[in-house]
There are 2 protein chains.
Amino acid sequence: MALSVLNENETISPVELLEKLNWRYATKKFDPTKKIPSDIWKTLEKALILSPSSFGLQPWKFFVVSDTALRKKLQAASWNQPQIVDASHLVVFAHKKGLNASDVDHFVQSLSDVRKVPLASLDGYKQMMVGFVNKAGSGFDINAWAARQVYIALGTFLTSAALLGIDACPMEGLDPDQYDQILGMTKQGYHTLCVATVGYRAADDQAASLTKVRFDQNDVVVHI
Amino acid sequence: MALSVLNENETISPVELLEKLNWRYATKKFDPTKKIPSDIWKTLEKALILSPSSFGLQPWKFFVVSDTALRKKLQAASWNQPQIVDASHLVVFAHKKGLNASDVDHFVQSLSDVRKVPLASLDGYKQMMVGFVNKAGSGFDINAWAARQVYIALGTFLTSAALLGIDACPMEGLDPDQYDQILGMTKQGYHTLCVATVGYRAADDQAASLTKVRFDQNDVVVHI
């Protein structure tokens, strides 16, 4: 795909957005010889970083696995799906386990540093977030909440990739515990949720030409 | 913002994508006089429809609430946050509760219809998915899984809005049970997760000029 040059304050057109969202699909077969150029990959990593999360708490980590031996091990923990080794890039999406008050402290410190505001002025906001993460135990599952935030990042990432003309396949068909172990994630306090394999579709990937299957818009979008 | 015209097979540039992702922020104050044009809104609804989900099962519904009285009720169930009534559009994101074999049937029928393949040929795929949704009870929480899928759609939606120059504020600060009741969602088998308020930032929204707070990229993206 060619690159366009948009001027600042221009947006893409609705037609163009839909063209890109229709272009994307869950790539079943990647061309293993094609690698994503460094500037494009760095942009996709930045898209992950820029993803929104509730309160801005970013309860996530993204593992970009290049090591061939590790990717083979991960493939064995993913029903041997070929995308794990054939795609140009592999990102493992993980959530922070048991998010707690010290994570809130860390975030509030970051807020104070970046925005150059005194920590004390953020105390009300901090206490509100501490109250939120401490809801755990009263039927509120902080890990399920953190996992949902990670999926916002997944949506941001997949949409960003499509806009840049990069193919991807999000995958949940894997053993999260094995992933945690292979990537040494447990001791860091994170847990695997899913992966995105990213690169370029093989010329003969039959999945590329399949019609997208979506429920009728009138059944999915309700106007009240 | 002006519209650009991209030719087919062009993508946006990495710089442009990041410019848009940096431009977006959680809008605290919308201009209540500015409404999203119909063609742009229809595009955002289509972005929701086109969002990926695991297996393509789309365990979601999106409630677009225009009714003023309903929006006031929802505001009362959302800590009285003004965006609920001031934004041009309000979307409530909900997941299907207790997804089961009949939902899989519905999806497989849709797959058969759209791709014009015999139902019988999809039986292996269907049984695999039925096995997946029936994992519930063995420590697997199908509702938590469905909720995560909805957050992919949230990420897709927020990124799409930013690309189109539309402001948004995703919000979890609401009472999901009250939302379910106000919108008559329970009897339809859905449960509220979060909302996105969408429209145009007020000229004096101070949140627009705040520096984005993100953890250091080296702490969030791990290269292995």
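The values are calculated or read from the model by the stated rules, or taken from the named source; none is laboratory data. What you are looking at is a predicted structure, and each value in this text was computed from that prediction instead of being measured. For neighbour counting, all protein chains shown are included, and Cβ atoms are generated from backbone atoms with ideal geometry for every residue, glycine included. Remember, those area values only see protein heavy atoms, side chains included, never the ligands or the DNA or RNA. Shrake-Rupley method; radii C 1.70, N 1.55, O 1.52, S 1.80 Å.
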(request) Scan B:V130, B:V150 and give me the residue that is open to solvent by 20 Å² or more (accessible area, probe 1.4 Å) and of a type in the set (V, I, T). (result) B:V130
(request) Please verify whether the stretch A:200-220 includes one or more residues that are touching a strand residue (DSSP E or B) at 6+ places or on another chain (Cβ under 6 Å), within 12 Å of another protein chain (Cβ to nearest Cβ) and within 19 Å of A:V64 (Cβ to Cβ). (result) no
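To keep it simple, each residue is scored yes or no on (1) open to solvent by 10 Å² or more (accessible area, probe 1.4 Å); (2) under 17 Å from B:P32 (Cβ atoms).
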| site | (1), (2) |
| --- | --- |
| B:L163 | no, no |
| B:D167 | no, yes |
| B:G189 | yes, no |
| B:A196 | no, yes |
| B:Y200 | yes, yes |
(request) Can you tell me which residue within the stretch A:1-50, out of those that are within 16 Å of B:G165 (Cα to Cα) and among the polar types (S, T, N, Q), is modelled with the highest pLDDT? (result) A:S13
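Looking at the stretch B:19-65, which of its residues are of a type in the set (K, R), in contact with a Leu (Cβ under 8 Å, 6 or more places away or on another chain) and part of a loop (DSSP other than H, G, I, E, B)?
The answer is B:R24, and nothing else.
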(request) Among the candidates A:Q81, A:Q75, single out the residue that is open to solvent by 10 Å² or more (accessible area, probe 1.4 Å) and free of Cβ contacts under 8 Å to residues at least 24 places away in the same chain. (result) A:Q75
(message) Can you report the number of residues in the stretch B:167-224 which are among the hydrophobic types (A, V, I, L, M, F, W, C) and more than 29 Å from A:E45 (Cα to Cα)?
(response) 6
(message) Here is a check on your reading of the model: is A:L70 crowded, with 18+ Cβ neighbours inside 10 Å and either in contact (Cβ under 8 Å) with a residue 12 or more places away in the chain or among the hydrophobic types (A, V, I, L, M, F, W, C) (or both)?
(response) no
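The rows are residues; the columns are (1) more than 9 Å from chain A (Cβ to nearest Cβ); (2) in a loop (DSSP other than H, G, I, E, B); (3) of a type in the set (S, T, N, Q); (4) over 24 Å from B:W79 (Cα atoms).
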residue: B:L122; (1), (2), (3), (4): yes, no, no, yes
residue: B:Y125; (1), (2), (3), (4): yes, no, no, yes
residue: B:P170; (1), (2), (3), (4): no, no, no, no
residue: B:T197; (1), (2), (3), (4): yes, no, yes, no
(request) Given the conditions (1) open to solvent by 50 Å² or more (accessible area, probe 1.4 Å); (2) of a type in the set (G, A, S); (3) within 16 Å of B:F55 (Cα to Cα), report the number of the one that B:A120 does not fulfil. (result) (3)
(request) Six or more apart or on different chains, Cβ under 8 Å: which pairs go from a residue in the stretch B:104-115 that's more than 9 Å from chain A (Cβ to nearest Cβ) to one that's surrounded by fewer than 18 Cβ atoms within 10 Å (Cβ to Cβ) and outside any helix (DSSP H, G or I)? Could you list them? (result) B:S112/B:P118
(request) State all residues of the stretch B:86-107 that are part of a helix (DSSP H, G or I) and surrounded by fewer than 19 Cβ atoms within 10 Å (Cβ to Cβ); if no residue qualifies, say none. (result) B:A101, B:S102, B:D105, B:H106
(request) Kindly provide the set of residues from the stretch A:28-62 that are β-branched (V, I, T) and either surrounded by 19 or more Cβ atoms within 10 Å (Cβ to Cβ) or at the interface with another protein chain (Cβ under 7 Å from one of its Cβ atoms) (or both), ordered by number. (result) A:I36, A:I40, A:T43, A:I49
(request) Within the stretch A:6-16, track down each residue that is buried (at least 16 other Cβ atoms within 10 Å of the Cβ) and without any contact (Cβ under 8 Å) to a residue 24 or more places away in the chain. (result) A:L6, A:E10, A:T11, A:S13, A:P14, A:E16
(request) Could you list all residues from the stretch B:169-187 that are buried (at least 21 other Cβ atoms within 10 Å of the Cβ), within 15 Å of the chain's Cα centre (by Cα) and not hydrophobic (A, V, I, L, M, F, W, C)? (result) B:P170
